[in-house]
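The values are calculated or read from the model by the stated rules, or taken from the named source; none is laboratory data. What you see is a predicted model, and the numbers here were worked out from it, not measured in a lab. No Cβ is skipped: glycine too gets one built from the backbone with ideal geometry, and neighbour counts run over all protein chains shown.
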Amino acid sequence: MRRPSEADMSFETFVRMLRSQRGLRLMLAGMKPGSTLDEARFLQRRLKQSARKPCRFLDEELGIRR
């Protein structure tokens with residue numbers, strides 16, 4: 001079994017932070033000035049949903065077109 005690289009561990013840490021919502025403030029730092037935590041939360045939810053199987057109910061709410 002291969003040993004995880006530093007990049008793998010960094011990515012896994014980032015994913016854990018996003019899942020636990022601690023990463024929202026990091027995401028907010030990369031958004032346009034004046035953005036709110038609610039906007040960061042919406043963007044995070046949209047990013048997560050775009051990678052899932054299609055779901056008409058959630059897709060419509062988030063404005064995702066497949």
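A few comments on the model shown:
- Complete set of residues in the range 15-36 that are surrounded by 13 or more Cβ atoms within 10 Å (Cβ to Cβ), modelled with pLDDT of 75 or more and part of a helix (DSSP H, G or I): LEU24, MET27, LEU28
- LEU58 being part of a helix (DSSP H, G or I) and modelled with pLDDT of 75 or more: no
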